[in-house]
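Structure, as structure tokens:
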Amino acid sequence: MASRNTPTPRSLADDLRERSDDELAALLRQRPDLIHPVPPDLTALVSRASTSVSTARALDRLDAWTLQIAEVLAALPDPCPVPKLLKAVSDVAPHHVERALAALRERALVWGTDDLHLVRTVREAVGAWPCGLHPAGLTDLSSKAVLEAMKDAPADARAVIDQLMWGPPIGKVPSAERVVTVHSARTPIEWLLARSLLVPVDNATVAIPREVALPLRGGAFLRVPEPEPPTLSASSSDAMSVAQTAGQSAFNFVRLTEDLLDRWSIAPPGQLRSGGLGVRDLTATARLLDTDEPSAAMIIEVAHAAGLLASDEEERPVWLPTSGYDVWLGLDIAERWGLLAMAWLALQRVPALVHERDERVNALSADLDRPDAPDVRRLVLDTCAAGARTADAMREQLNWKRPRRSSRLRDLVIESTLREAELLGVTGLAVMSAPGLALLNSDETPRRSSTKSVSPLAATLAPLLPTPLDYVLLQADLTVVAPGPLESFLARELGLVADVESTGGATVYRISAESLRRAFDAGRSAHEVLSFFEKRSRTPIPQPLSYLIEDVARRHGVVRVGPAGSYVRCDDEVAIGTIMADRRAAHLRPVRLAPGVLALQGTVDEALTTLRAIGLAPAAEAPDGTVVIRRPDSRRAPTRPRATYRSTDPTTPDPLLVSSAVKALRAGDRIATGSRPVGGPDRLGTIPVSAPADTIAAIRSAITDERSVWIGYADTDGRATERIIDPIEISRGFLTAYDHRYEEVRSFALARITGVAENDQS
């Protein structure tokens, strides 16, 4: 351990004053909660850093070994000389201790050089019995006396000592303060009490003194030191198989998302009053996508996070694709996957909770929000990239990296992340794929909605995607076989005229009267459907299929339904009589207005659904009598922003903000110690007035180039001042910048900045 050869600081504030600007910047990067807002001086910084909340956040980000060293320091007297700490963990190499101490010092949880001081709130967070040891002073037995006494200890007494030796060091015993001598002892507890190997704390509690526990431990403070993470077992996978599996999974995920949103364009599910998606709708969606419900919930949540799905509350609240979905469809498959993958990585929700027994909630509901989910998900992927392949291995690694954050929810996120990563193509055969690694290395906080941030992902994935087919095979039993992945247009058209019956190496679609009616509702004609199959099928069109298409087309639109309450118009009196007589249409309360015309009490959509249920094939009608074509993309919800990665545990705040915060802290400290510089940088009347757009553009340029600039600023009294600033960021109409005049980070209203000029001395 190298010493700085400087006087020992008297306090944590003195210790911070002795640190270099780089060391202060490192502290703020590791504990970014300390600069929101920037403290006025170092004393205020210490006060904030020493709060229990900030300390807990810092401890939550420490690995198991660093926490163990903090616990040993809490168990030793304060201050603790470095040699004494090394002796307490003598069975561990010194460089491991030095690494942990460096981490604690960097985060201002420990201060001092030769004599180490543990911050009070850290000691409180460790607890009353650090390292399982009771505070000293319960007995005056020497180590030699303890070892001699335990040589003759009965087995039962030894078992009691073994239970308390590593902590907790107390136990409940009735009448603990009774007088016991060596000769009157009858039980194991009395045998230990008589020899002061256990000491009564009160009449119901006994404790093993530190002076007894340490000699029996052999002087060890830690039962199992953990200076390094658990070793990962070596495993090998064929790189080609991993790439092919990941590429196929990525392709399938994009197609499943497209199938989901296309179908919801036509028949959107309703939104529950409490928000979210109903259980029956989720089950129907899983059946539609030919997948299980957890996978369906994950696909829905990712589409929502990517801004492709939202609630439309203009009428009855339903879940609809957004107008951004049409833009997404215009991208190639690799770019579409990139947007979905980034949304998944940033997802602050846990879709797996939809099927958690103890706290089952609805998909798309606010109850799925878990702010820590993105951090755990990223840790899992980092661990997977390091070689872990199973949930148990992940759990062991994360329990070492972030032991204080272990929880049942984290275990659930670990397991679900592995499953979702495989479904998405981030992993293949439980190994990180090349696109998955590119995703981890992508920008964590994309601030623009352009696709530039996902281009590297697209470039990585594109070579792995399977080559889509441009043909299908028609069968005589009214099925269509897709022998592989289909082109996007072909897949969408086929999904319109047929329903998926089974998936696997090949996908089988079933053509039915209902699926054809769906195509006719979308504006397709019988001729167009037949032409589509003629061009795209490598087998001839079966005669039964031709008959079915012509029959459904002939009956489609014979019955017309339009808005009035609604009404039915039909030249077929038999169909009119069917509607009037069928009980399933009774709730519509049909009333004959004229030959071939009925008035209904329900809406157009209700009437269409009911009449189809009784075997008719109605078409929607506009007020002018024309048929309404209901295309799959006819309904859209307003576009919503994509999810971005916003860590609840940030470790890399903006470098310019950190640099400006260090300047402000140094300046504030000079003020606090009475050494504030005299004068200021004002130069009134030299900055020209500029247009707001030009002002903002100049400030953004200065932020990008990290330059100081002059600004003209009107205060609340209307007085104009000019000052030098280091601009940091623009947000919600305000500029955050380091003000050289007041030597602190301040906020400026953009509306009051009259102009910007270059600082010749910057």
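The values are calculated or read from the model by the stated rules, or taken from the named source; none is laboratory data. Model, not experiment: these values are computed from the prediction. Note that we place each Cβ from the backbone using ideal geometry, even for glycine, and neighbour counts take in every protein chain shown.
Summary table below
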item: In the stretch 366-401, the residues that are under 22 Å from Leu437 (Cα atoms) and charged (D, E, K, R); result: Asp372, Asp375, Arg377, Arg378, Asp382, Arg389, Asp392, Arg395, Glu396, Lys401
item: Near pairs, Cβ below 8 angstrom, 6+ apart or cross-chain, from the stretch 298-312 (in contact (Cβ under 8 Å) with a residue 40 or more places away in the chain and assigned by TED's automatic domain parsing to the domain that holds Leu260) to any residue that is acidic (Asp, Glu) and surrounded by 24 or more Cβ atoms within 10 Å (Cβ to Cβ); result: Met298/Glu420
item: Enumerated helices (runs of 4 or more DSSP H) restricted to the stretch 498-565, each holding at least 2 residues that are under 20 Å from Thr285 (Cα atoms); result: 513-521
item: Members of the stretch 93-122 that are within 30 Å of Leu198 (Cα to Cα) and either in a strand (DSSP E or B) or in contact with a Leu (Cβ under 8 Å, 6 or more places away or on another chain) (or both); result: Leu118, Val122
item: Any hit, the stretch 268-279, residues being touching a residue at least 24 places away in the same chain (Cβ under 8 Å) and among the charged types (D, E, K, R); result: no
item: Selection status of Arg336, over 24 Å from the mean Cα position of the chain (by Cα) and either in the same structural domain as Leu424 (by TED's automatic domain parsing) or of a type outside the set (A, V, I, L, M) (or both); result: no
item: Helices (runs of 4 or more DSSP H) within the stretch 317-404 that include 2 or more residues in contact with a strand residue (DSSP E or B) (Cβ under 6 Å, 6 or more places away or on another chain); result: 373-385
item: Selection status of Val361, under 18 Å from the mean Cα position of the chain (by Cα), closer than 20 Å to Thr283 by Cβ and either of a type outside the set (A, V, I, L, M, F, W, C) or crowded, with 23+ Cβ neighbours inside 10 Å (or both); result: no
item: Any hit, the stretch 199-206, residues being assigned by TED's automatic domain parsing to the domain that holds Met165, touching a Lys or Arg at 6+ places or on another chain (Cβ under 7 Å), touching a residue at least 24 places away in the same chain (Cβ under 8 Å) and assigned to a strand (DSSP E or B); result: yes
item: Test: residue in the stretch 262-279 that is part of a helix (DSSP H, G or I) and within 24 Å of Gly436 (Cα to Cα); result: no
item: Selection count, the stretch 128-143, where residues are more than 12 Å from Val212 (Cβ to Cβ) and either modelled with pLDDT of 90 or more or in contact with a strand residue (DSSP E or B) (Cβ under 6 Å, 6 or more places away or on another chain) (or both); result: 6
item: Meets criteria (out of contact with any helix residue (DSSP H, G or I) (no Cβ under 6 Å at 6 or more places or on another chain), within 27 Å of Asp521 (Cα to Cα) and either modelled with pLDDT of 95 or more or not polar (S, T, N, Q) (or both)) for Arg273; result: no
item: Residue in the stretch 161-172 that is free of Cβ contacts under 8 Å to residues at least 40 places away in the same chain and within 17 Å of Leu141 (Cβ to Cβ) present; result: no
item: Residues of the stretch 570-609 satisfying the condition of being at pLDDT below 85 and buried (at least 19 other Cβ atoms within 10 Å of the Cβ); result: Val604
item: Among the candidates Leu490, Leu457, residue that is touching a residue at least 24 places away in the same chain (Cβ under 8 Å), within 36 Å of the chain's Cα centre (by Cα), within 25 Å of Leu424 (Cβ to Cβ) and crowded, with 21+ Cβ neighbours inside 10 Å; result: Leu457
item: Filter result for Asp115 (surrounded by fewer than 18 Cβ atoms within 10 Å (Cβ to Cβ), of a type outside the set (Gly, Ala, Ser) and either within 18 Å of Ala75 (Cβ to Cβ) or touching a Cys at 6+ places or on another chain (Cβ under 8 Å) (or both)); result: yes
